[in-house]
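Engineer: First the structure, then my questions, so here it is.
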Amino acid sequence: MEALLSQLPIGLSIAAVLMLVALGLTFTFGQMGVINMAHGEFMMAGAYTAYVLQDWTGREAVLAALPVAFAVAGAMGLVLERAAVRRFYGRPLDTLLLTWGVSLVLQQLARDIFGAPNVQVRAPGWLDGGVRMFGSQLPYTRLFIIVLAAVSALAIWAYQNRTRQGRRMRSVMQNRQLAACSGIDTGRVDQLTFFIGSGLAGVAGVALTLIGPIGPNLGTYYIVDAFLVVVAGGLGRLRGAVIAALALGLLDSYAEFWTDASLAKVIGFAAIVVFLQARPQGLFVLRSRALT
Amino acid sequence: MTARMRGPALFTAVALLVLVVAPAVLDPFRLGLLAKYLCFAIAALGIGLAWGQGGMLTLGQGVFFGLGGYSMAMYLKLHDAGPGNLPDFMVWSGVERLPLLWKPFTSPVFAIAAAVVVPAAAAALLGLLVFRQRVRGAYFAILSQALAAAFTIWLVGQQGLTGGTNGLTHFYDVFGRDPETDGAKRIFYFVVAVVLGALYLLARQLMKSRFGRLLVAVRDGEDRVRFLGYNPATVKTVAFAVSAAMAGIAGALYVPVVGIISPSLLGVVPSIELVVAVAIGGRFSLAGAALGGVLLNWAHTTFSEQYPSGWVYLQGLMFILVIMVAPGGVAGAARWAAEAIGRRRTGRGPSSVPEPAGPTHGQKEVAAP
């Protein structure tokens with residue numbers, strides 16, 4: 001029992017990272033059906049934003065970088081949407097390949113600008129140390145990430161349910177044509193959605209600097225799991241993404257605890273495939289009468 | 001030349017080029033490289049079948065390539081070690097008894113059969129599980145990619161069983177020949193080329209059959225096929241299993257040709273690179289897919305030696321361009337050019353052979369769950 005509980009904080013912090021990465025994806029993939037393989041590279045851009053800001057802000061880089069990274073990654077997403085993705089709505093597989101090409105180029109750009117070796121962003125002084133929970137140490141940096149993930153999820157929920165723009169976004173997601181008929185500028189909504197989704201990737205990237213060194217390949221380590229979270233959670237379902245991230249994060253940490261790291265990934269994958277047997281469209285399904 | 005004759009004539013010309021001209025012109029080293037590209041062409045052919053014809057974007061084809069490759073490599077390792085001995089890497093990792101998984105691979109017949117059957121079975125299992133539940137399009141692409149990620153992480157983690165990051169390498173005796181000799185390289189080349197040709201003809205025949213028509217129909221309108229009384233899941237599973245078997249064969253041939261199989265050859269990135277090759281070659285044409293496999297890997301080897309960073313930009317940009325401007329790839333462009341010339345010569349309207357419709361319908365269904 002002791003061992004079971006001691007694994008909980010680790011699982012929670014893995015889940016929080018997954019959730020942060022997946023939140024942005026639920027916007028772009030879930031709401032618009034666009035598989036953005038460059039999402040991981042937007043995270044990388046956010047992480048490097050913190051690295052660059054470090055020169056001015058010193059150890060407070062992480063806090064200062066949160067809004068800046070949101071803007072930087074969001075702007076990159078906006079450019080991608082305007083320049084390319086918008087031509088491919090309704091063709092998600094082509095978008096997937098296209099954005100993978102973009103991610104390749106972005107990774108190499110980072111390698112050429114910042115160098116191939118990993119770099120370190122120093123965490124703020126007030127995040128030194130940690131708290132003891134269930135017999136294992138939870139560093140304050142991890143706690144910060146958990147709080148950040150929770151705040152981000154809440155903010156998105158409020159945005160979607162409490163603002164006019166958020167409602168427009170949901171209506172476009174549920175029925176694009178009907179939304180357009182009702183006078184909603186779906187093109188603008190798409191842009192905004194992409195901006196926010198990509199911006200969230202930037203925030204996730206900043207959070208990742210608290211976990212370890214960052215490098216040009218940063219995004220590739222998280223993107224596959226994050227996509228799985230969105231698939232398991234159900235397209236465009238915020239609740240689904242949150243629960244799926246928690247489940248996958250906890251499963252990952254416990255599977256690793258009982259077997260080993262290499263088997264944990266296989267178990268996680270198998271669990272998702274089995275889960276999809278019961279709920280092929282994910283945890284929460286958006287009911288629709290539209291025939292595909 | 002009539003349109004009916006053009007296909008067989010082209011095939012014969014390419015076969016002559018590959019089987020007669022290339023071995024006469026190229027030195028053994030280059031021939032070995034070409035054999036490697038042809039291995040990728042076999043895997044690309046499989047992707048052409050699953051993705052181009054069937055609309056299943058598989059981003060985990062490296063897994064099946066790996067299953068085939070490891071099957072072959074396990075046999076070669078055991079053969080090199082001799083009966084009763086352990087392969088060298090197991091000794092280094094402190095393994096004392098041959099793992100159960102390895103035991104049947106002392107038999108070459110079993111190993112070769114496994115290189116085809118195991119990938120096909122794995123794909124059939126995954127296919128049945130996901131296609132029956134109507135998991136498709138982007139969901140399927142993501143699942144197949146996650147499979148590739150999980151598979152490589154597992155391979156790396158099982159040092160004593162799979163050789164870990166280093167994979168399996170150093171083969172000294174491949175079916176009675178030293179793989180480093182020029183003679184052996186030449187033989188491997190011919191084997192790979194003939195297998196590629198045979199599999200191409202097989203895939204073509206498959207696409208001409210009733211099954212092939214069903215597969216294209218499933219790509220373009222899965223629900224309509226279901227309403228007509230067919231089961232799209234079965235059609236897709238079979239096509240996916242065949243494509244996995246091709247990847248497995250490609251992997252099994254790759255091992256003697258290149259002399260190594262390792263997780264870095266089958267992960268997320270190599271798997272998606274195979275898809276890129278197919279996209280550039282032309283996903284709607286089986287020949288285009290195979291051609292893409294050769295072209296992209298040739299370009300990769302040639303350019304990345306001299307300009308490693310330039311190559312990444314080139315690959316990325318080339319890919320973006322193909323997707324945006326010419327979704328039909330090289331094969332699509334060639335067909336378009338041939339038809340334009342044909343029109344000018346005869347002064348007729350558009351050719352009577354319709355362009356193969358892109359799988360836009362099939363993919364559209366993903367956007368609206």
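The values are calculated or read from the model by the stated rules, or taken from the named source; none is laboratory data. On a predicted model such as this, the values are computed, not experimentally measured, just so you know. Virtual Cβ from ideal backbone geometry, glycine too; neighbours counted across all protein chains shown. All accessible areas refer to the heavy atoms of the entire protein, side chains included, with ligands and DNA or RNA removed. Shrake-Rupley method; radii C 1.70, N 1.55, O 1.52, S 1.80 Å.
Engineer: Hey, got the average number of other protein chain Cβ atoms within 10 angstrom for residues in B:131-143?
Structural biologist: The shielding value for this peptide is 6.
Engineer: May I ask you to list the aspartates and glutamates whose Cα is less than 16 Å away from that of residue B:185, ignoring any residue fewer than eight positions away on the same chain?
Structural biologist: Partners within reach: B:27, B:173.
Engineer: So, one more: With the alpha-carbon atoms as the only input, what is the per residue convex hull volume for the range A:2-278 in Å³?
Structural biologist: 135 Å³
Engineer: Let me ask something additional. Starting from the Cα of residue B:198, step 7 Å along the direction of its Cβ; do the same at residue B:10; then give the gap between the two resulting points in nm.
Structural biologist: Taking the two extended label points, one gets 2.4 nm.
Engineer: Tell me, what HN-Hα J-couplings in whole Hz come from the Karplus equation 6.51 cos²θ - 1.76 cosθ + 1.60 at θ = phi - 60° for each residue of the range A:248-254, using x for Gly and Pro?
Structural biologist: 3J(HN,Hα) across the range A:248-254, in whole Hz: 5, x, 5, 4, 4, 6, 6.
Engineer: Still on this model: Using a 7 Å offset from the Cα along the Cα-to-Cβ direction at both residue B:95 and residue A:56, what is the distance between the two label points in nm, to one decimal?
Structural biologist: 5.5 nm
Engineer: Would you compute, from DSSP H runs of 4+ residues alone, the mean residue ellipticity of the protein assembly as shown at 222 nm, taking -39500 (n - 2.57) per run and dividing by the full residue count, rounded to the nearest 500?
Structural biologist: After summing the helix terms and dividing by residue count, I get -23500 deg cm²/dmol.
Engineer: Can you list the chymotrypsin sites (Phe, Trp or Tyr not before Pro) in the range B:221-286 that are in a DSSP coil and have 15 or fewer other beta carbons within 10 angstrom?
Structural biologist: For chymotrypsin sites (Phe, Trp or Tyr not before Pro) across the range B:221-286 that sit outside H, G, I, E and B with at most 15 neighbouring Cβ atoms in 10 Å, the list reads B:230.
Engineer: Please report the net charge: other residues with Cβ closer than 12 Å to the Cβ of residue B:75, K and R +1, D and E -1.
Structural biologist: Once positives and negatives cancel, what remains is 0.
Engineer: Can you work out ³J(HN,Hα) from phi for every residue in the range A:100-117, in order, using Karplus 6.51 cos²θ - 1.76 cosθ + 1.60 and θ = phi - 60°, giving whole Hz and x for Gly and Pro?
Structural biologist: 5, x, 4, 5, 4, 5, 5, 4, 5, 4, 4, 5, 6, 7, 9, x, 6, x
Engineer: Take the Cα radius of gyration of chain B and divide it by 2.2 N^0.38 Å, with N its residue count; two decimals is plenty.
Structural biologist: Compared with the compact-globule rule of thumb, chain B sits at 1.02.
Engineer: Also: How far is helix B:232-258 tilted off the main Cα axis of chain B, in degrees rounded to 10, range 0 to 90?
Structural biologist: With both axes taken from Cα atoms, the answer is about 50 degrees.
Engineer: Can you list residues from other chains, or at least 5 along the same chain, whose modelled amide H is less than 5 Å from the amide H of residue B:260?
Structural biologist: Those lying under 5 Å, H to H, from residue B:260: there are none.
Engineer: Just to check I understand the Karplus step: with θ = phi - 60° and J = 6.51 cos²θ - 1.76 cosθ + 1.60, what whole-Hz values come out for the range A:256-267, glycine and proline as x?
Structural biologist: After applying 6.51 cos²θ - 1.76 cosθ + 1.60, I find 5, 5, 7, 10, 8, 4, 6, 7, 4, 5, 5, 4 Hz.
Engineer: Given a cut-off of under 8 Å on Cα pairs at least six residues apart, what relative contact order in percent is computed for the range B:176-264?
Structural biologist: Computed over the range B:176-264, the figure is 30 percent.
Engineer: I want to verify a result. In a Gaussian network model of chain B, Cα cutoff 10 Å, which of these has the top mean-square fluctuation: B:86, B:45, B:34?
Structural biologist: The residue that fluctuates most here is B:86.
Engineer: For a quick check of your reading of the filter: which trypsin sites (Lys or Arg not before Pro) in the range B:67-135 sit in a DSSP loop and have no more than 10 other Cβ atoms within 10 Å?
Structural biologist: Qualifying residues, ordered by number: B:97.
Engineer: Assuming R0 = 41 Å, what is the FRET efficiency of residue B:317 and residue A:126, from their Cβ-Cβ distance, to the nearest 0.05?
Structural biologist: Efficiency for this residue pair is about 0.40.
Engineer: Using only the Cα atoms of the range A:136-277, build the gyration tensor, take square roots of its eigenvalues as a ≥ b ≥ c, and label the shape rounded, prolate or oblate: rounded if a/c is under 1.5, else prolate if a/b is larger than b/c, else oblate.
Structural biologist: prolate
Engineer: Another one. Can you give me the relative contact order of chain B as a percent, contacts being Cα pairs under 8 Å and 6 or more apart?
Structural biologist: Reported as a whole number, the value is 31 percent.
Engineer: Kindly list the residues of the range A:62-96 that lie in the label zone of residue A:180, defined by a backbone N under 12 Å from the point 7 Å along the Cα-to-C-beta vector.
Structural biologist: Under cut-off, by backbone N: A:89-90.
Engineer: I need the calculated FRET efficiency for the pair residue B:224 and residue A:270, taking r as the beta carbon distance and R₀ as 22 Å, to the nearest 0.05.
Structural biologist: My answer for the efficiency is 0.10.
Engineer: Summing +1 for each Lys or Arg and -1 for each Asp or Glu, what net charge is found among the other residues whose Cβ lies under 15 Å from the Cβ of residue A:200?
Structural biologist: So the environment of residue A:200 carries a net charge of -2.
Engineer: Springs between alpha-carbon atoms under 10 Å, Gaussian network over chain B: tell me which of B:52, B:251, B:316 tops the mean-square fluctuations.
Structural biologist: B:316
Engineer: Still on this structure: Once A and B are treated as a pair rather than alone, how much accessible area drops out, both sides summed, in Å² to 100, probe 1.4 Å?
Structural biologist: So the total buried area for this chain pair works out to about 4400 Å².
Engineer: Taking every residue in B:315-322, how many Cβ atoms of other protein chains lie within 10 Å of its Cβ, on average?
Structural biologist: Mean shielding by partner chains, rounded to a whole number: 5.
Engineer: 7 Å from Cα along Cα→Cβ at both residue B:88 and residue A:112: what's the point-to-point distance in nm?
Structural biologist: Once both label points are built, they end up 4.0 nm from each other.
Engineer: Over the heavy atoms of residue B:298, what accessible area does a 1.4 Å probe trace out, to the nearest 10 Å²?
Structural biologist: Roll a 1.4 Å probe over it and residue B:298 shows about 120 Å².
Engineer: Would you work out which of B:26, A:67, B:99 lies farthest towards the positive end of the dipole of the protein assembly as shown? Charges go on Cβ: Lys and Arg +1, Asp and Glu -1.
Structural biologist: Of the candidates, A:67 comes out farthest on the positive side.
Engineer: Report Rg/Rh for the protein assembly as shown, rounded to two decimals, where Rg is the Cα radius of gyration and Rh the Kirkwood radius.
Structural biologist: Using Cα coordinates only, the ratio equals 0.98.
Engineer: Continuing with the same structure: Averaging over every viewing direction, what projected area does the convex hull of the Cα atoms of the range B:58-97 cover, in nm²?
Structural biologist: Taking a quarter of the hull surface, the average projection is 3.4 nm².
Engineer: Can you tell me which of A:229, A:85, A:131 moves the most in a GNM of chain A? Springs connect C-alpha atoms under 10 Å apart.
Structural biologist: A:131
Engineer: Please tell me the relative contact order of the range B:25-171 in percent, rounded to the nearest whole number, where contacts are Cα pairs under 8 Å and at least six residues apart.
Structural biologist: Taking the mean separation of contacting Cα pairs over the length of the range B:25-171, I get 32 percent.
Engineer: In straight Cα distance, which lysines are under 20 Å from residue B:103, not counting same-chain residues fewer than 8 positions off?
Structural biologist: Counting by Cα, and skipping residues close in sequence, residue B:103 has these lysines nearby: B:77.
Engineer: Taking the Cβ of residue A:244 as the center, what net charge do the other residues with Cβ under 14 Å away carry, scoring Lys and Arg +1 and Asp and Glu -1?
Structural biologist: +1
Engineer: Under 30 Å Cα-Cα from residue B:208, which lysines qualify once same-chain neighbours fewer than 8 residues away are excluded?
Structural biologist: B:36, B:236, B:364
Engineer: Where q = 0.11 Å⁻¹, what log10 of I(q)/I(0) comes from the Debye formula for the range A:1-145, counting one point per Cα?
Structural biologist: Those come out to -0.54, one per q.
Engineer: With a probe of 1.4 Å, find how much accessible area the protein assembly as shown has per residue, and write the answer as a whole number in Å².
Structural biologist: Ligands and nucleic acids excluded, the result is 43 Å² per residue.
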